[in-house]
């Protein structure tokens, strides 16, 4: 479960990635469309960071990475980096599931990375809150 699209030889379309997410397809499409519409991000199909990450969609604003969204079997994962101040500004408004990701973030400078798996609508709403902070 949650296997990623790891065949580097076959470049998927965004529609292929959504279909791969199966029951998560609607949420996968929703978050990608929302980022593009709400924040005018440019999206690009990418295979970043080596073989274990697989295919995903990179969202960029003025060539700066906002996040990567990796298609997974039945779900998807959003990889995002925020500063500690950004995380703290929204922390109390988030579900415990999301707070645990923040508590265990991979530190990087003044902040860190989270790899946030979205498996339900509540998770989607929380990652949107984090992305709003990132894009503000």
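A short reminder: the numbers here are calculations on the coordinates, not readings from a lab. Only a predicted model underlies this, so the values are computations on that prediction, with no experimental measurement involved. A quick note on method: Cβ atoms are made from the backbone with ideal geometry, for glycine too, and the neighbour counts reach across all protein chains shown.
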Residue list for the range 28-44, restricted to those being in a helix (DSSP H, G or I), free of Cβ contacts under 8 Å to residues at least 40 places away in the same chain and either touching a strand residue (DSSP E or B) at 6+ places or on another chain (Cβ under 7 Å) or surrounded by 14 or more Cβ atoms within 10 Å (Cβ to Cβ) (or both): 29, 32, 36
Give me a count of the residues in the range 107-136 that are without any contact (Cβ under 8 Å) to a residue 12 or more places away in the chain, more than 19 Å from residue 76 (Cα to Cα) and not in a loop (DSSP other than H, G, I, E, B). 1
State which residue pairs qualify: first residue part of a loop (DSSP other than H, G, I, E, B) and inside the range 70-83, second residue crowded, with 17+ Cβ neighbours inside 10 Å in any location, beta carbons under 6 Å apart, and separation of 6 or more residues or different chains. 74/24
Out of all the residues in the range 53-67, which are in a loop (DSSP other than H, G, I, E, B) and buried (at least 18 other Cβ atoms within 10 Å of the Cβ)? 53, 54, 55
Scan of the range 84-95 for residues that are surrounded by fewer than 19 Cβ atoms within 10 Å (Cβ to Cβ) and in a helix (DSSP H, G or I), ordered by number: 84, 85, 86, 88, 89, 90, 91, 92, 93
Go through the range 96-106 and report how many residues are surrounded by 13 or more Cβ atoms within 10 Å (Cβ to Cβ) and either out of contact with any strand residue (DSSP E or B) (no Cβ under 6 Å at 6 or more places or on another chain) or assigned to a loop (DSSP other than H, G, I, E, B) (or both). 5
Boolean, residue 50 is assigned to a loop (DSSP other than H, G, I, E, B) and in contact with a strand residue (DSSP E or B) (Cβ under 7 Å, 6 or more places away or on another chain): no
